[in-house]
Amino acid sequence: MNEILSNYLHSFLHPWQTQDLLRRQREYHGEVEGLGQLELVEDREKKKLTEDIGITFEQSLCVSWMFVIFNAFYSLIGMFMGLHLFESFSLEDSLISYSQSILGFTSIFFLILKVVFFPLVFWFYGKFWVNIIKVFANIFEKEVDIEEVGVEVVTHAFTTHTFLVIPIIGLLLHRVANIVYLFSGLKRNLGFNTFQSVLVILCPLILLLFSFFLMAVSVGMMLTGF
């Protein structure tokens, strides 16, 4: 577990270097298989390219889940402090106090659900991005194992869950950094140029706007009798 956590944090702290090494390792193994020899690079470089680099999707999920639990713990402390503060100011109005208690416990309930179902959300969100990357890799005719490289890019982008150990602003930092890490992986691992990488990153937003457009058109047609 210590090794997994160490690799996870290394990928988080050195995202560009990790994505570069993953690409170079893949290219190195391809050259070795094609030429049938190991004297292609210097011993020092060879050692770097043959050792285990990064983490797997499952390892990223487990460590990210740990950081989500840390973040939930901070949030619970904040909620309990908030409930106690509200109760101290609304002792004379039992209805307000009761409403605040219900709201607080509802928030706690959904926070626990978020932690419990995190692996499922992680898996769906990860597969969503992998499939988007596969579509664009096929469009741009990248001659690589698209499934493998897509998983690598997404897996290491999810190491930004490390930011969740920071109270209050950790979630915001995680979401912003996740996009930056995805962009980095697309450029340095998959070999997309800047325009292609931006297009992939904006794809979910484009799909969302297109869905809203179709909904608006449908509602408009219903109102006009079409």
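Worth pointing out:
- Single unsatisfied condition, Lys187 versus (1) of a type outside the set (A, V, I, L, M); (2) surrounded by fewer than 15 Cβ atoms within 10 Å (Cβ to Cβ); (3) in a helix (DSSP H, G or I): (2)
- Leading residue by the ranking (most open to solvent (accessible area, probe 1.4 Å)) among those in segment 121-149 that are more than 21 Å from Ser64 (Cα to Cα) and among the acidic types (Asp, Glu): Glu143
- Segment 180-205 residues that are over 12 Å from Leu22 (Cα atoms), paired with ones that are part of a helix (DSSP H, G or I) and among the charged types (D, E, K, R) (beta carbon under 6 Å, 6 or more apart): Ser197/Lys187
- Test: residue in segment 71-94 that is within 17 Å of the chain's Cα centre (by Cα) and either at pLDDT 90 or above or part of a helix (DSSP H, G or I) (or both): yes
- Verdict on Gly185 being at positive phi and not aromatic (Phe, Trp, Tyr): no
- Options Thr224, Thr194: the member that is farther than 28 Å from His10 by Cβ and of a type in the set (Val, Ile, Thr): Thr224
- Selection of segment 19-45 for residues being modelled with pLDDT of 80 or more, of a type outside the set (Asp, Glu) and over 16 Å from the mean Cα position of the chain (by Cα) yields Leu21, Leu22, Arg23, Arg24, Gln25, Arg26.
- Whichever residue in segment 164-176 is free of Cβ contacts under 8 Å to residues at least 24 places away in the same chain and open to solvent by less than 80 Å² (accessible area, probe 1.4 Å) and, among such residues, is nearest to His10 (Cα to Cα): His174
- Residue match in segment 199-215 (condition: outside any helix (DSSP H, G or I) and either within 21 Å of Asn138 (Cα to Cα) or open to solvent by less than 30 Å² (accessible area, probe 1.4 Å) (or both)): no
The values are calculated or read from the model by the stated rules, or taken from the named source; none is laboratory data. Because the structure is a prediction, the values reported are computed rather than measured. As a convention, Cβ positions derive from the backbone with ideal geometry for all residues, glycine included, and neighbour counts pool all protein chains shown. Calculation scope for accessible area: heavy atoms of the full protein, side chains included, ligands and nucleic acids excluded. Shrake-Rupley method; radii C 1.70, N 1.55, O 1.52, S 1.80 Å.
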